[in-house]
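Structure, as structure tokens:
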Amino acid sequence: MSGIVRDRVVVVTGAGRGIGREHALAFAREGAKVVVNDVGVALDGSGTSGGPAEQVVAEITASGGEAVANTDDVADWAGAERVVGTALETFGRLDVLVNNAGFLRDRMLVNLDEQEWDAVLRVHLKGHFAMLRHAGAHWRAEAKAGRTPDARIINTSSGAGLLGSVGQGNYSAAKAGIAGLTLVASAELARYGVTVNGIAPAARTRMTESAFADDMAAPDGGFDAMDPGNVSPLVVWLGSAESAHVTGRMFEVDGGRVCLMQSWRHGPEEDKGARWEPGELGPVVRKLVDAAPEPEPVYGA
């Protein structure tokens with residue numbers, strides 16, 4: 001191991017299972033001290049348990065690393081503050097926040113109910129914001145006290161948030177919101193020594209295995225492109241001091257592939273220099289659409 005994040009203090013949310021667990025283990029292998037946050041709910045969102053977080057901590061400490069468990073709900077305002085507090089109280093500092101916690105409530109839009117919409121937006125989008133807000137406030141205070149951080153935030157979006165995904169209107173909206181939040185945070189927090197980037201991972205996890213069981217089965221041998229551990233090396237690098245020049249970026253990552261995603265950009269335009277009449281705009285819009293590249297298709301369309 002390179003020790004690329006040696007002695008950096010890292011919070012990983014939703015780290016009891018799946019991709020988050022792999023992030024926590026990968027950071028620890030590279031020398032980081034890790035706060036393993038996971039509320040420990042069942043796949044249907046019921047119950048809570050400290051077991052998943054404690055198990056990951058046990059794996060890390062058994063390998064000679066340093067870690068502490070935290071079971072607060074990241075979408076609860078005070079809970080998110082306590083997660084940040086756990087890092088400060090246990091290890092005396094915070095260098096990296098990996099926002100990973102989330103869950104699914106997939107339905108076609110005409111079948112999606114209010115609770116399913118609110119729950120997914122709460123865990124993904126509010127959870128990212130609440131953690132970012134409390135960590136950012138800490139780093140701002142450090143910068144103002146003359147101790148400018150070399151800090152990192154890595155948010156977790158999704159291809160569903162970047163391109164859309166049929167049957168995942170709530171999830172797509174939340175993940176698109178995270179992509180937008182990443183851009184704003186990267187601009188606002190740069191002055192305090194904080195970079196903010198995002199990933200859109202694809203891997204076999206507890207959330208995805210039922211939906212994609214046929215496509216995501218592990219091979220009998222060779223490289224398992226859907227192993228969640230494939231996502232973590234990029235996240236660890238983004239959490240390192242080496243990544244200081246990269247901010248406001250979104251990376252799609254799966255298997256051995258890393259793709260820098262392109263955000264909304266200004267394209268073809270037509271400026272009349274005066275207010276348009278509705279009847280004039282048909283040819284104008286056709287001209288603009290014809291001059292622009294075709295958008296990438298929505299997943300599942």
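The values are calculated or read from the model by the stated rules, or taken from the named source; none is laboratory data. If you're wondering where the values come from, they're calculated on a predicted model, not measured in any experiment. Reconstructed Cβ throughout: ideal geometry from the backbone, glycine too, with neighbour counts over all protein chains shown.
For the structure I just gave you, tell me whether residue 147 is of a type in the set (D, E, K, R), without any contact (Cβ under 8 Å) to a residue 24 or more places away in the chain, surrounded by fewer than 17 Cβ atoms within 10 Å (Cβ to Cβ) and closer than 29 Å to residue 30 by Cα.
Against the criterion (of a type in the set (D, E, K, R), without any contact (Cβ under 8 Å) to a residue 24 or more places away in the chain, surrounded by fewer than 17 Cβ atoms within 10 Å (Cβ to Cβ) and closer than 29 Å to residue 30 by Cα), residue 147 qualifies.
Is it the case that the stretch 31-39 has a residue that's more than 17 Å from the chain's Cα centre (by Cα), assigned to a helix (DSSP H, G or I), on the phi < 0 side of the Ramachandran plot and modelled with pLDDT of 95 or more?
No, because not a single residue in the stretch 31-39 is more than 17 Å from the chain's Cα centre (by Cα), assigned to a helix (DSSP H, G or I), on the phi < 0 side of the Ramachandran plot and modelled with pLDDT of 95 or more.
Name the one entry in 229, 222, 248, 239 that is free of Cβ contacts under 8 Å to residues at least 40 places away in the same chain and of a type in the set (Gly, Ala, Ser).
222
In the set 3, 85, 64, which member is farther than 23 Å from residue 228 by Cα, surrounded by fewer than 19 Cβ atoms within 10 Å (Cβ to Cβ) and without any contact (Cβ under 8 Å) to a residue 60 or more places away in the chain?
None of the others qualify; the one that does is 85.
Filter the stretch 120-152 down to the residues that are over 21 Å from residue 172 (Cα atoms) and touching a strand residue (DSSP E or B) at 6+ places or on another chain (Cβ under 8 Å) and list them by number.
The answer is 135, 136, 139, 149, 151, 152.
Being more than 18 Å from residue 11 (Cβ to Cβ), modelled with pLDDT under 95 and in a loop (DSSP other than H, G, I, E, B) is the filter here, so list the residues in the stretch 41-92 that pass it.
If the condition is that a residue be more than 18 Å from residue 11 (Cβ to Cβ), modelled with pLDDT under 95 and in a loop (DSSP other than H, G, I, E, B), then 41, 42, 43, 44, 45, 46, 47, 48, 49 are the ones that fit.
Can you tell me which condition residue 300 does not meet? The list is (1) modelled with pLDDT under 95; (2) surrounded by fewer than 10 Cβ atoms within 10 Å (Cβ to Cβ), and all the others hold.
Just one mismatch for residue 300, condition (2).
Can you tell me how many residues in the stretch 147-169 are assigned to a helix (DSSP H, G or I) and over 12 Å from the mean Cα position of the chain (by Cα)?
4
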